[in-house]
Amino acid sequence: MIKLYELTGNNNLIFSPYCWRIRLALLHKKVRFSSEETAFIDIKTIPNGNFKTVPVLLDNDTAISDSYKIAEYLDATYPTQPLLFNSKELCAFSTFIEGWANALHSDIAKIAIADIYDHLQEKDKPYFKTSREAFFGDTLAEIQSKNGDTAKITLLAKLTVLDKYLDKFEFLGGTTPLYSDFIVFGTLQWLLSTSNTFQISDFSPTVQSWFLSLKKIYDINN
């Protein structure tokens, strides 16, 4: 059975946007897997390689990281299961969506960085605090309090792109969810699962409907 190493916080919270992308990819492909809950500081202990990030997928003797590469691997290795990229055009589209979704992450960090810290396993907190405060040049609390409101406005403005697209199509993949949907879902799930103030009702009705449809299809309860 496939093992999926996922970044996990306190109370078994899965919050990494990249891990959510692959969790949904595996559910979509209906490939059996077990979740290996992993703390930040334990990533280096994952077997079969010197990994620095998760997700890491271990499939027999194959160990692979990077969410996009894992998605490509799953389609190549399990081609008879529902595809994540059902055409070259949608594969190229997913590459664009990945870049766009990743550009939302700096806004999310400013909205919820202190909240994210609160959700971490205790053993991860010193690493997270030191590394993020060094990057931003301020305390976690100050980063969030000084920038959170503006970052929320910026994030919602960027999401109007998604809103306009979903006015015309049920999913980013068209009539059915594909990996492009899972990319954006993972980003928004990260925000909603960690922020103490941001609510799904902050999204437009169109984005809310799309997000909740994905949760229902893949039986996501948190």
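The values are calculated or read from the model by the stated rules, or taken from the named source; none is laboratory data. Remember, predicted model here, so these are calculated numbers, not experimental data. Positions of Cβ are backbone-derived with ideal geometry, glycine not excepted, and every protein chain shown enters the neighbour counts. To get the accessible areas, we keep the full protein, side chains included, count just its heavy atoms, and leave off ligands, DNA and RNA. Shrake-Rupley method; radii C 1.70, N 1.55, O 1.52, S 1.80 Å.
Restricted to Cα atoms, the stretch 105-210 shows a radius of gyration and a Dmax of 15.4, 45 angstrom.
After finding the eigenvalues of the alpha carbon gyration tensor for the chain, what semi-axes result from the square roots of 5 times each, listed largest first in whole Å? Walk me through the numbers on the way to the answer.
Working: eigenvalues 142, 115, 39 Å².
The answer is 27, 24, 14 Å, longest axis first.
Pairwise Cα separations in the stretch 44-130 fall into 5 Å bins from 0 onward with the following percentages, short to long: 3, 11, 14, 17, 17, 17, 12, 7, 2, 0. Applying the criteria of a DSSP loop state and at most 13 other Cβ atoms within 10 Å to the trypsin sites (Lys or Arg not before Pro) of the stretch 129-172 yields Lys168. A 1.4 Å probe run over the protein chains yields, for the chain, 48 Å² of accessible area per residue, whole-number rounding. Extension gain, Thr53 to Lys88, is 9.9 nm, computed as 0.36 nm per intervening residue step minus the present C-alpha separation.
With both labels modelled 7 Å from their Cα along Cα-to-Cβ, the Lys158 to Asp61 distance reads 4.2 nm.
A convex hull fitted to the Cα coordinates of the stretch 1-107 yields 108 cubic angstrom per residue.
Can you tell me the relative contact order of the chain? Whole percent, Cα pairs under 8 Å, sequence separation 6 or more. Walk me through the numbers on the way to the answer.
Details: 284 pairs, mean separation 55.7, N = 222.
Computed value for the chain: 25 percent relative contact order.
The simple spin-label model puts a point 7 Å past each Cα toward its Cβ; for Asn222 and Thr77 those points are separated by 2.4 nm. In this simple spin-label model, placing a label point 7 Å from the Cα along the Cα-to-Cβ direction at both Ile200 and Tyr165 gives a separation of 2.0 nm.
Bridge orientation summary for the chain: considering DSSP beta bridges with both residues in this region, about 60 percent are antiparallel.
When nucleic acids and ligands are ignored and a 1.4 Å probe is applied, Phe136 ends up with an accessible area of around 70 Å².
Evaluating 6.51 cos²θ - 1.76 cosθ + 1.60 at θ = phi - 60° for every residue in the stretch 203-215, the Karplus couplings come out as 6, 5, x, 5, 5, 4, 4, 4, 4, 5, 5, 5, 4 Hz, glycine and proline recorded as x.
Coupling constants for the stretch 63-70 follow from the phi torsions by the Karplus curve (6.51 cos²θ - 1.76 cosθ + 1.60, θ = phi - 60°), and in residue order they are 10, 9, 10, 6, 4, 5, 5, 5 Hz; glycine and proline get x.
Would you please state which residues of the stretch 177-216 a label at Ser106 would reach in this model, taking the label point 7 Å out along Cα→Cβ and a backbone N cut-off of under 19 Å? In the stretch 177-216, the label zone of Ser106 (backbone N under 19 Å from the point 7 Å along Cα→Cβ) covers 187-188, 191.
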